[in-house]
1. Among residues belonging to the range 32-47 that are within 16 Å of F22 (Cβ to Cβ) and not hydrophobic (A, V, I, L, M, F, W, C), point out the one that is most open to solvent (accessible area, probe 1.4 Å).
2. Which residue is surrounded by the fewest Cβ atoms within 10 Å (Cβ to Cβ), if the candidates are limited to the range 53-83 and must be modelled with pLDDT of 80 or more and of a type in the set (S, T, Y)?
3. Return the residue satisfying two criteria in turn: it lies in the range 8-19 and is in a loop (DSSP other than H, G, I, E, B) and modelled with pLDDT of 70 or more, and of such residues it is least open to solvent (accessible area, probe 1.4 Å).
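The values are calculated or read from the model by the stated rules, or taken from the named source; none is laboratory data. Quick caveat: nothing in here was measured; it's all calculated off a predicted structure. Note: ideal-geometry Cβ built from the backbone for every residue, glycine included; neighbour counts use all protein chains shown. The accessibility values were calculated without ligands, DNA or RNA, using every heavy atom of the protein model including side chains. Shrake-Rupley method; radii C 1.70, N 1.55, O 1.52, S 1.80 Å.
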Amino acid sequence: MLSGKQIQLGDIPPVSVHDSPFYGVDGWVKRAEDVLLAVPLLLACAVPWLAIAIASKLEIPGPVLYRQKRYGLNRAIINGLQV
């Protein structure tokens, strides 16, 4: 870890994992890079996913996404995705 703080608690040297090396402009650049790379990749993946979903819907009866009943508080039924 490049910028982690090391402290001493008795004989145990814990390492902080909450510190980030991305402060100020570096943080903004990293966030912009993440978004600018993720959006085109997700859009490129969406095309095959949509084609697979359409083909699945045409070939197999029932919903494209699996929906499972779950039981919550006092055995109340909780429905999952409704697509």
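1. Ranking the candidates gives E33 first.
2. Among those that are modelled with pLDDT of 80 or more and of a type in the set (S, T, Y), it is Y71.
3. Of the residues in the range 8-19, the ones in a loop (DSSP other than H, G, I, E, B) are 8, 10-11, 13-14, 16-19.
Still in the list and also modelled with pLDDT of 70 or more: 8, 10-11, 13-14.
Working: Q8: 114, G10: 62, D11: 148, P13: 68, P14: 43 Å².
Within the range 8-19, the match that is least open to solvent (accessible area, probe 1.4 Å) is P14.
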